[in-house]
Structures are given as structure tokens and as C-alpha cells.
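Structure first, commentary second.
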Amino acid sequence: MNVDHLDIKTAFLNGILPPDEQFFSSPPPGFPLPAGFCWQLKRGLYGVHQSGAIWSSTFRTWMNTTLPLFAETGAERCVYVKRQRLREASHSNRESA
């Protein structure tokens, strides 16, 4: 069995917010912004409770469209396995016997 590991250090910053959800934030101290204004976020941000779910949804969509041979395992949504075509699977079973 071949196992590969991937760790994306800035994962939460790459999560794209769904169009039906809106997140607003106040700017950091010292950033000039007129009174009564705030920022509307377009991507996930560290510290936002939904950041993990936002990143997971973004990654799942990318995996399903870009790498359709990989599928989520039933027990863990963040673990993917590569599906084998029936012909490849039966060929590899004969080699191991």
C-alpha cells in the first residue's frame, strides 16, 4: 500500500466562502476605515469558527472535479483513496497471487 500525506499550512486562507453566506469583520487596529464600515470576507480566515468547514467544502469540490479517481472514505471525510478500474484491480490481484 502506498500512502501519501499532504499538509497545506495556509488551508483556511484558501477556503472560498459559499455565495449564499456572508461574513463581516472589523479591520485590525490601526487600519483606517470610516466609522460604521466593516470588511466583507470572500475567503476563510483563521479564527472564524466555520473556517474548517469552508476549507473542507472547497477542497472536496476541487477533488471531485479535478481528480475524480479519488473518493472520500466512508469513515473520514478528509481521507481519500484512489479508485481502481475493475480491469486494473483484477490484474493487480493476479500479480499478487
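The values are calculated or read from the model by the stated rules, or taken from the named source; none is laboratory data. Note that the structure is a prediction, hence the values are computed from the model and not measured. Counting neighbours? That spans all protein chains shown, and the Cβs are built from the backbone with ideal geometry, glycine included.
Observations
- Residue check for Phe12: modelled with pLDDT under 80, within 19 Å of the chain's Cα centre (by Cα) and in a helix (DSSP H, G or I): yes
- Annotation: of all residues in segment 22-45 being touching a residue at least 24 places away in the same chain (Cβ under 8 Å) and not in a strand (DSSP E or B), the one that is nearest to the chain's Cα centre (by Cα) is Gly44.
- Long-range neighbours under 7 Å by Cβ, at least six apart or interchain, first residue over 15 Å from Tyr80 (Cα atoms) and aliphatic (A, V, I, L, M) within segment 48-59, second part of a loop (DSSP other than H, G, I, E, B) and modelled with pLDDT of 80 or more: Ile54/Gly15; Ile54/Leu17
- Residue selected from segment 78-95 under the condition among the basic types (Lys, Arg) and at pLDDT 75 or above, by the criterion nearest to Thr58 (Cα to Cα): Lys82
- Scanning segment 44-64 for residues that are under 17 Å from Thr10 (Cβ atoms), at pLDDT 85 or above and among the hydrophobic types (A, V, I, L, M, F, W, C) yields a count of 2.
- Among the residues here, Gly74 does not qualify as modelled with pLDDT under 80 and on the phi > 0 side of the Ramachandran plot.
- Checking each residue in segment 28-43 for being in contact with a strand residue (DSSP E or B) (Cβ under 8 Å, 6 or more places away or on another chain) and at pLDDT below 85 picks out Leu41, Lys42, Arg43.
- Against the numbered list (1) assigned to a loop (DSSP other than H, G, I, E, B); (2) out of contact with any Pro (no Cβ under 8 Å at 6 or more places or on another chain), Gly52 comes up short only at (1).
- Residue list for segment 38-64, restricted to those being among the aliphatic types (A, V, I, L, M) and surrounded by 14 or more Cβ atoms within 10 Å (Cβ to Cβ): Leu41, Leu45, Val48, Ile54, Met63
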